[in-house]
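Everything below concerns the one structure shown next.
Where a number appears in this text, it was derived from the coordinates with a stated rule and is not lab data. Being a predicted model, the structure only gives us computed values, none of them experimental. Note that each Cβ is placed from the backbone with ideal geometry, even for glycine, and that neighbours are counted across all protein chains shown.
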Amino acid sequence: MATAPYNYSYIFKYIIIGDMGVGKSCLLHQFTEKKFMADCPHTIGVEFGTRIIEVSGQKIKLQIWDTAGQERFRARDVTYEEAKQFAEENGLLFLEASAKTGENVEDAFLEAAKKIYQNIQDGSLDLNVAESGVQHKPSAPQGGRLTSEPQPQREGCGC
């Protein structure tokens, strides 16, 4: 019996943004490799990592994009309390994480995935909109049949 080409039901796309030198690449590496990279070179352009997780019995591939720290992604300095209040007021997940110690790194990615999955289940996230950052399981690659028998031609089709 042939196995499916994909062993996950969804792809969730994450983008890590922030100021240069704050540890975006280290965070990605800690999550995907479960290791701290002490001498992490600066990202030029964008780097990419993936990991398959499980949420509510569904396998989900996280596709994580690590951006270079750029001026256009600069955030203003805010206090812990301001950030927490903003998250609460806007229904956002708020966690502090450390790529160095690994503290809350798993939770940050997994809790976000749980929230996204819940939004899919309750219908508040439309998978038909490309900007959602979510794809349903990719369809199996279409290949030709492995037979020498001629296939009947369909009406109006030049195949």
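Observations on the model:
- Candidate lysines - alpha carbon under 19 Å from LYS100, same-chain residues fewer than 8 apart omitted: LYS24, LYS34, LYS35
- Computed log₁₀ I(q)/I(0) - Debye formula, equal Cα scatterers, no solvent, region 1-67, q 0.20, 0.21, 0.22 Å⁻¹: -0.82, -0.88, -0.93
- Under 19 Å of direct C-alpha separation, and excluding same-chain neighbours fewer than eight residues apart, LYS114 reaches these lysines: LYS13, LYS59, LYS61, LYS137.
- Volume per residue for region 10-136 equals 123 cubic angstrom (convex hull of Cα atoms).
- Förster radius 35 Å - calculated FRET efficiency between VAL78 and LYS34, Cβ distance, rounded to 0.05: 0.75
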